[in-house]
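Q: Have a look at the structure that comes next, please.
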Amino acid sequence: MKAKKGIDFLLWAKLKDGNIEALGKLYDLYIDDLFRYGIQFCSNKTEVMDSIHDVFLNLYKYRNKLADTNNVKYYLLRSVKNQILKKGKGKLQIQAIDDNNLFLKDFSASAEEEIIVNELKNERAYLLSKSINLLSKKQRQGLFLRFNEEKDYEDIAIIMNVTVQTSRTIIYRAIKSLRNSMLLHMFFLVHFFY
């Protein structure tokens, strides 16, 4: 645990200096913790992952303004929680009293904001699809079994005729490849459009 803490401080400092590899290493170091924590606030796995990716995009985008922290993990956990809660406010529910009746009224984002959000989702889906097509056949099969069919690693190993450790490695490498591809795209978006 102490080794992890020392590493994250070093990576934090490198990130503040603009090192994108440090961003990826911080992601690797904490992705499991962030996902487990985020799922407590939102049961939609895709929304949790989108919020985590948004946090990492913002870390890089605002790297020059990042404060020093004595607990990188806590900073990231808090940022993911805030991002999830912020996204959850796309539809604000307000309770109002009308005579003796209690009712809920939904307020939605403007039409322009909804179009932008949909375009961003479509862009992410397109990039993810493109990135998935670059994976090997085994990696695509492993991801499909793990996330679409919700198979555990033991079942995946049997289906793919490999060891359990190999099934874990195939899926880990596929996810790492997808993540790097998406982070690279986010880097270019931030670098060239902001």
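The values are calculated or read from the model by the stated rules, or taken from the named source; none is laboratory data. Source: prediction; values computed, not measured. Side chains included, ligands, DNA and RNA excluded: accessible areas come from the protein's heavy atoms. Shrake-Rupley method; radii C 1.70, N 1.55, O 1.52, S 1.80 Å.
Q: Could you go through the range 17-23 in sequence order and give the Karplus-derived ³J(HN,Hα) for each residue, using 6.51 cos²θ - 1.76 cosθ + 1.60 with θ = phi - 60°, rounded to whole Hz, and x for Gly and Pro?
A: These are the phi-based 3J(HN,Hα) values: 8, x, 7, 6, 5, 4, 4 Hz.
Q: Sorted by accessible area (1.4 Å probe), largest first, how do LYS130, LYS137, LYS86, LYS61 line up? Walk me through the numbers on the way to the answer.
A: Values: LYS130 110, LYS137 160, LYS86 135, LYS61 60 Å².
Heavy-atom accessible area, descending, gives LYS137, LYS86, LYS130, LYS61.
Q: Mind ranking TYR37, TYR172 by accessible surface for me, highest first, 1.4 Å probe? Could you put the intermediate results ahead of the total?
A: Details: TYR37 60, TYR172 125 Å².
I get TYR172, TYR37, largest accessible area first.
Q: Next question, about the same structure. Enumerate the calculated ³J(HN,Hα) couplings along the range 158-174 in order (Karplus 6.51 cos²θ - 1.76 cosθ + 1.60, θ = phi - 60°), each rounded to whole Hz, writing x wherever the residue is Gly or Pro.
A: 5, 4, 8, 6, 9, 6, 4, 4, 5, 4, 4, 5, 4, 5, 4, 5, 5
Q: I've got another one for you. Among ARG146, ARG63, ARG78, what's the order by accessible area (1.4 angstrom probe), most exposed first? Walk me through the numbers before you get to the answer.
A: Numbers: ARG146 70, ARG63 50, ARG78 100 Å².
Descending accessible area places them as ARG78, ARG146, ARG63.
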